[in-house]
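Here's the structure, in structure tokens; my notes come after.
Nothing in this text is a laboratory measurement; each read-out follows from the coordinates by a stated rule. Computed from a prediction, not measured in an experiment: that's the story for all the values here. Note: ideal-geometry Cβ built from the backbone for every residue, glycine included; neighbour counts use all protein chains shown.
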Amino acid sequence: MPFDRIQGLHLVKLDGSKTKYDIFFEVPSKGILLETVQFKYESTCDELIPDKILVEAGSISSRVVFNEG
């Protein structure tokens, strides 16, 4: 075998021929799952940009990751 295990997954959402967002899942060790969401965010500069970006990242993430409870 050319590898011993799969430790990650890269998902891509397209909008036509352009990438809308990427989601990366990494499993660096047993019991640990890391998720990275990449996307372009355009906005006017204001003090709420960090919150707006986190809301958008959470919205993208919730399309793939489901929380119990």
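Couple of notes before you dig in:
- Helix content alone sets the calculated 222 nm mean residue ellipticity of the chain: runs of n ≥ 4 DSSP H residues at -39500 (n - 2.57) each, divided across all residues, give -6500 deg cm²/dmol.
- Inverse mean reciprocal Cα-Cα distance (Kirkwood Rh) of the chain, Å: 14.3
- Lysine pairs in the chain whose alpha-carbon atoms fall under 21 angstrom of each other, counting only those eight or more residues apart or on distinct chains, come to 6.
- The relative contact order of the chain, computed from alpha carbon pairs under 8 Å that lie at least 6 residues apart in sequence, is 20 percent.
- In a reduced charge model with +1 at each Lys and Arg Cβ and -1 at each Asp and Glu Cβ, the chain shows a dipole moment near 320 debye about its Cα centre.
- Ordering MET1, LEU14, VAL55 by Cα displacement along the dipole of the chain toward the positive end leaves MET1 in first place; charges were set at the Cβ atoms of Lys, Arg (+1) and Asp, Glu (-1).
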